[in-house]
1. Hey, any hits in region 85-93 for a residue that's over 22 Å from LEU178 (Cβ atoms), hydroxyl-bearing (Ser, Thr, Tyr), surrounded by fewer than 17 Cβ atoms within 10 Å (Cβ to Cβ) and more than 20 Å from the chain's Cα centre (by Cα)?
2. Inspect all residues belonging to region 162-181 and state whether any of them is touching a His at 6+ places or on another chain (Cβ under 9 Å) and either closer than 30 Å to GLU111 by Cα or touching a residue at least 60 places away in the same chain (Cβ under 8 Å) (or both).
3. Please enumerate the residues belonging to region 170-193 that are part of a loop (DSSP other than H, G, I, E, B) and of a type in the set (D, E, K, R).
4. Specify the residue that is modelled with the lowest pLDDT; the eligible residues are those in region 32-47 that are assigned to a loop (DSSP other than H, G, I, E, B) and of a type in the set (Ser, Thr, Tyr).
5. Give the residues of region 48-78 that are in contact with a helix residue (DSSP H, G or I) (Cβ under 8 Å, 6 or more places away or on another chain), farther than 17 Å from ARG18 by Cα and part of a loop (DSSP other than H, G, I, E, B), sorted by residue number.
6. Quick check on SER199: is it within 28 Å of MET64 (Cα to Cα), in a helix (DSSP H, G or I) and either among the charged types (D, E, K, R) or modelled with pLDDT under 95 (or both)?
7. I'd like to verify a number: residues in region 103-147 that are within 16 Å of ALA161 (Cα to Cα), in a loop (DSSP other than H, G, I, E, B) and touching a residue at least 60 places away in the same chain (Cβ under 8 Å), how many?
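The values are calculated or read from the model by the stated rules, or taken from the named source; none is laboratory data. Treat the numbers as computed from the prediction; the structure is a model and nothing was measured. Please note: Cβ atoms are built from the backbone with ideal geometry, for glycine as well, and neighbour counts cover all protein chains shown.
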Amino acid sequence: MTQPDAYDRIGVTYAELRKPDPRIGAYIHAALGDARSVLNLGAGSGSYEPADRDVTALEPSAEMIGQRPASAPRAVQGCAENLPFPDKSFDASMAVLTVHHWTDQERGMAEMRRVTRGSIVILTYDPMFRDFWLLDYFPELASLDDEQMPRLEAYAKWLGAARISTVPIPHDCIDGFLAAYWRRPDSYLDPHIRSGMSSFWKIGDVSAGLDQLAKDLRSGAWAKKYGGLLEQETRDCGYRLVISP
């Protein structure tokens, strides 16, 4: 999993900007089925943890743990690659937009399977997905996905079986991950909003892409090319739910 000090820096605005969207949460919670005890790996500030289950959170970053509400389930500081729990400790395990941060994804998956009696539910991103206009301005994002995002076929190899479905992203998504603002292009010009997106931290200098995006928004070039998006309520932005029974 990502070194704790990375999210001690990146995660300072997460509790504010990365609020769980209930429409996305509904997919995750349905996939958990009737599991009563749930492990949340890479739990961060607690997004998408179901309130009606016995949840144990695991998170490597002290900064992120410190942002968890007082009412949130207990959090254990640790990494996915070496889970501090006995075999078959939980009815289900979940991991939300975190697998790409793990240092050893295969080992992390093996650990998830080891401690889980039932389903494993993972919200992730398909690195082969390219139908996102933001890549026109920041092509480095595609290269980053190739480096850090597991191919979807890897999950069945690691977990033994996997069912994969698309999670549509609403146009007014309140969880500020990378593609949450697909219908709000001016949002990407706001450094505060970008601060909640780890991809922008990782690709470094984004000034050229930001300048071009600002220019295209002012001139109408963005609207001319992508204006049809403004009429869509939801969109496939490449996010996938992986369920391993």
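1. Step one: list which residues in region 85-93 are over 22 Å from LEU178 (Cβ atoms), which gives 85-93.
Now restrict to residues that are hydroxyl-bearing (Ser, Thr, Tyr): 89, 93.
Going one step further and asking which of them are surrounded by fewer than 17 Cβ atoms within 10 Å (Cβ to Cβ), we end up with 89.
From the residues that got through so far, the ones that are more than 20 Å from the chain's Cα centre (by Cα) too are 89.
The answer is yes; a qualifying residue exists.
2. So far as region 162-181 goes, no, none of its residues is touching a His at 6+ places or on another chain (Cβ under 9 Å) and either closer than 30 Å to GLU111 by Cα or touching a residue at least 60 places away in the same chain (Cβ under 8 Å) (or both).
3. ASP172, ARG183, ARG184, ASP190
4. Our first condition is that a residue be assigned to a loop (DSSP other than H, G, I, E, B); within region 32-47, this holds for 32-36, 42-47.
When the remaining residues are screened for being of a type in the set (Ser, Thr, Tyr), the result is 45, 47.
On the way: SER45: 86, SER47: 91.
Ranking the candidates gives SER45 first.
5. The one that is in contact with a helix residue (DSSP H, G or I) (Cβ under 8 Å, 6 or more places away or on another chain), farther than 17 Å from ARG18 by Cα and part of a loop (DSSP other than H, G, I, E, B): PRO60.
6. Working: within 28 Å of MET64 (Cα to Cα): yes; in a helix (DSSP H, G or I): yes; either among the charged types (D, E, K, R) or modelled with pLDDT under 95 (or both): yes.
Spelling it out, SER199 is indeed within 28 Å of MET64 (Cα to Cα), in a helix (DSSP H, G or I) and either among the charged types (D, E, K, R) or modelled with pLDDT under 95 (or both).
7. Residues flagged as within 16 Å of ALA161 (Cα to Cα), in a loop (DSSP other than H, G, I, E, B) and touching a residue at least 60 places away in the same chain (Cβ under 8 Å) within region 103-147 amount to 2.
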